[in-house]
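Taking it in order: structure first as structure tokens, then the write-up.
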Amino acid sequence: PAGTTNDKLKSGQIEVLCHELNVLNASVTPPFQIDDDNLSETVRLTHRVLDLRRPYMQKNLMLRYKVSMEVRKFLDANGFVDIETPMLTKSTPEGARDYLVPSRVHDGQFFALPQSPQLFKQLLMVAGFDRYYQITKCFRDEDLRADRQPEFTQIDIETSFMDEQEIRDMFQGMIKTVFQTALGVDLGDFPVMSYQDAARLYGSDKPDLRVKLEFTELTDVMADVDFKVFSAPATTPGGRVVALRVPGGAAISRGEIDGYTEFVKIYGAKGLAWIKVNEAAKGREGLQSPIVKNLHDAALA
């Protein structure tokens, strides 16, 4: 009847009247509602069938499908051939340990799962397949870290007879096309930065430019301080000392600093040296840190 519809629901204009009901198979109560967003990963993975019915997960899988289809369409239009390479191969020592698969036919022998199909790409190039790609699984037997997992998918591409600029132009085009068609996002032309600038300003060859923090160079300033943690790298050829100026950083609590200290250990850092600038005009007296006493006035200034 008019006034009872609910436009917020797909079924909001339909009313079902039941005159007879036969229960063919009684169901237990579902472990969670499909529209529940506050779920632990353990619950979600235990009941993966239900998890994959959630709109959020359906959207993720459909997005992944669209992205891979757009990549394939773009590469196909540019003359690339999709070639599947073997998963069971000999071990090729790389950055991590291989996953090994024992051979039933050859006793005591093992296959290795590929960490990346590099070996086969080179074979294909030499064999005359000058434009090759694969959306492929890679396997690395290593501990979970911030940017590592044992199994992942990568778009693997190899091409011959193209210079660096041509390769960059082509794959900038691919990424722009994928974002435009799969997400409706126009990325525009990519900004370009030299490796030297990236390493000098951000200490990484893949800086996240949404983070506006840049390094302040302190190598020369720290060369003659008594604090060996700074003076040693400052006087070592190829070494450097840099600081990160964090606006409003004096408001960070000691507990948060300890948390950051643990976080950077994931990436191999031994620790964090920090100085809070409470009042710059007061000089040494306006600074708070366990390392201030180890630095001379010129360095502090």
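The values are calculated or read from the model by the stated rules, or taken from the named source; none is laboratory data. Because the structure is a prediction, the values reported are computed rather than measured. Here the Cβ is made from the backbone with ideal geometry for all residues, glycine too, and neighbour counts use every protein chain on show. The area values use the complete protein model at the heavy-atom level, side chains included, leaving out ligands, DNA and RNA. Shrake-Rupley method; radii C 1.70, N 1.55, O 1.52, S 1.80 Å.
Is it the case, given these coordinates, that THR235 is polar (S, T, N, Q), open to solvent by less than 40 Å² (accessible area, probe 1.4 Å) and at pLDDT 90 or above? Let's see the steps before the verdict.
Working: polar (S, T, N, Q): yes; open to solvent by less than 40 Å² (accessible area, probe 1.4 Å): no; at pLDDT 90 or above: yes.
It is false that THR235 is polar (S, T, N, Q), open to solvent by less than 40 Å² (accessible area, probe 1.4 Å) and at pLDDT 90 or above.
Taking residues in region 73-91 that are at negative phi, and partners anywhere that are open to solvent by less than 40 Å² (accessible area, probe 1.4 Å) and of a type in the set (Asp, Glu), the pairs with Cβ atoms closer than 7 Å and at least 6 places apart or on different chains are SER91/ASP98.
For region 145-187, taking the residues that are more than 15 Å from MET69 (Cα to Cα) and of a type in the set (Ser, Thr, Tyr), the one that is farthest from the chain's Cα centre (by Cα) is identified as SER160. Candidates MET193, MET170: the one that is of a type outside the set (Gly, Ala, Ser), out of contact with any helix residue (DSSP H, G or I) (no Cβ under 6 Å at 6 or more places or on another chain), over 30 Å from PHE111 (Cβ atoms) and open to solvent by less than 50 Å² (accessible area, probe 1.4 Å) is MET170.
Tell me, which helices (runs of 4 or more DSSP H) lie completely within region 182-301 with 1 or more residues that are aromatic (Phe, Trp, Tyr)?
Result: 195-202, 228-235, 254-265.
Take the residues in region 29-68 that are touching a residue at least 60 places away in the same chain (Cβ under 8 Å) and not small (Gly, Ala, Ser), then tell me which one is nearest to GLN154 (Cα to Cα). Among those that are touching a residue at least 60 places away in the same chain (Cβ under 8 Å) and not small (Gly, Ala, Ser), it is VAL67.
Could you check region 36-153 for strands (runs of 3 or more DSSP E) lying wholly inside it with 3 or more residues that are of a type outside the set (A, V, I, L, M, F, W, C) and surrounded by 15 or more Cβ atoms within 10 Å (Cβ to Cβ)? Once the strands (runs of 3 or more DSSP E) in region 36-153 are filtered for at least 3 residues that are of a type outside the set (A, V, I, L, M, F, W, C) and surrounded by 15 or more Cβ atoms within 10 Å (Cβ to Cβ), what remains is 131-139.
Looking only at region 204-223, filter to residues that are within 18 Å of the chain's Cα centre (by Cα) and more than 24 Å from GLN165 (Cα to Cα); which one of those is surrounded by the fewest Cβ atoms within 10 Å (Cβ to Cβ)?
Initially, region 204-223 is screened for residues within 18 Å of the chain's Cα centre (by Cα), giving 204-211.
Within this subset, residues satisfying the condition of being more than 24 Å from GLN165 (Cα to Cα) are 210-211.
Details: ARG210: 5, VAL211: 8.
It comes out as ARG210.
Checking each residue in region 243-287 for being touching a residue at least 12 places away in the same chain (Cβ under 8 Å) and open to solvent by 50 Å² or more (accessible area, probe 1.4 Å) picks out LEU244, ARG245, VAL246, TYR260, ILE266, TYR267, LEU272, ALA273, ILE275, VAL277, ASN278, ARG284. Taking region 69-90 as the range and being of a type in the set (S, T, N, Q) and over 18 Å from THR159 (Cβ atoms) as the test, only THR89 passes.
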